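**Student:** Supplied in structure tokens, the structure appears directly below.
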Amino acid sequence: MAVTGLVKTIKTDYPSITLRSAKSFLWIPQENTVEYDPSGDTAYLLHELGHALLHHDSYSHDIELLSIERAAWTYATSHLADKYNVDIPSELIEESLDTYREWMHARSTCPVCHLNGIQSGPRLYRCVSCSATWSVNEARGCNLRRHTQGNHK
């Protein structure tokens, strides 16, 4: 089934969720809206619908985002794939999760010594090796920026 055909069915099944054509797949909790790419893979549509049905709306630490992403994929495969007759290959899921793992790794890499630090708060990191601290931008849809703060060894 093509994305547009599946969208019609989902709109009927979940009238409280807005589905809007866009250039990518995205869950926007503030608008209760799933954006979808009409030429994209139906698996991604079900993944974003999983976010909506699980009421994912925020996270404070990057590791939470990875957990939320895993939960949405699990919900899509265990509750939605059979219902909508959509095949969701495990390779696709792992490739998607890898992008978040790579994103987390980049954010946690110390801009001073290039070792991995730990997240100390929302968008804040600290290096256990050189004691540098840095902040990061959201960077999920744009280039990552890291800004060092304070002193370091």
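Every read-out reported here was derived from the displayed coordinates using simple, explicitly stated rules and does not represent laboratory data. Bear in mind the structure is a predicted one, so any value in this text is a computation, not a measurement. Using ideal geometry, Cβ is built from the backbone for each residue, glycine included, and neighbour counts are taken over all protein chains shown.
**Student:** How far apart, in nm, are the 7 Å Cα→Cβ label points at S24 and A71?
**Tutor:** In this crude label model, S24 to A71 measures out at 2.2 nm.
**Student:** A follow-up question, please. When a footprinting reagent is the concern and you count Cβ atoms within 10 Å, what order do Y44, Y125 take, fewest first?
**Tutor:** Ascending number of Cβ neighbours within 10 Å: Y44, Y125.
**Student:** How would D62, D41 line up from fewest to most surrounding beta-carbon atoms within 10 angstrom? Let's see the in-between values first.
**Tutor:** Details: D62 19, D41 16.
Placing the least packed residue first, the sequence is D41, D62.
**Student:** Could you compute the net charge surrounding G40? Neighbours are other residues with a C-beta less than 15 Å from the C-beta of G40; K and R count +1, D and E count -1.
**Tutor:** Net charge around G40: -4.
**Student:** Order these by the 10 Å Cβ neighbour count, fewest first: I10, I93.
**Tutor:** Ranked by crowding around the Cβ, least crowded first: I93, I10.
**Student:** Another question about this same structure. Mind jotting down a quarter of the surface of the convex hull over the alpha carbons of the chain, in square nanometres, one decimal?
**Tutor:** Across all orientations, the chain yields a mean hull projection of 9.5 nm².
**Student:** Next question. Place +1 on the Cβ of every Lys and Arg and -1 on the Cβ of every Asp and Glu in the range 5-150, take the dipole about the Cα centre, and give the residue among Y75, L54, N116 whose Cα lies farthest towards its positive end.
**Tutor:** The residue sitting farthest along the positive end of the dipole is N116.
**Student:** How high is the relative contact order of the range 3-105, given as a whole-number percent (alpha carbon pairs under 8 Å, six or more residues apart)?
**Tutor:** Relative contact order for the range 3-105 comes out at 21 percent.
**Student:** On to the next question. At 7 Å along Cα-to-Cβ for each site, give me the label-to-label distance between N32 and D57 in nm.
**Tutor:** If labels sit at N32 and D57, their model points lie 1.1 nm apart.
**Student:** Please give the length that would be gained between L124 and E102 if that part of the chain were fully extended, namely 0.36 nm times their separation in residues minus their C-alpha to C-alpha distance (nm, one decimal).
**Tutor:** 6.2 nm
**Student:** What 222 nm value per residue comes from the helices of the chain, counting each DSSP H run with n ≥ 4 as -39,500 (n - 2.57) and dividing by all residues, nearest 500 deg cm²/dmol?
**Tutor:** Values: 4 runs with 56 residues, N = 153.
Computed mean residue ellipticity for the chain: -12000 deg cm²/dmol.
**Student:** Set the Förster radius R0 to 22 Å, insert the Cβ-Cβ distance between T12 and S39 as r into 1/(1 + (r/R0)^6), and round the FRET efficiency to 0.05.
**Tutor:** Given R0 = 22 Å and the Cβ-Cβ separation, E is 0.50.
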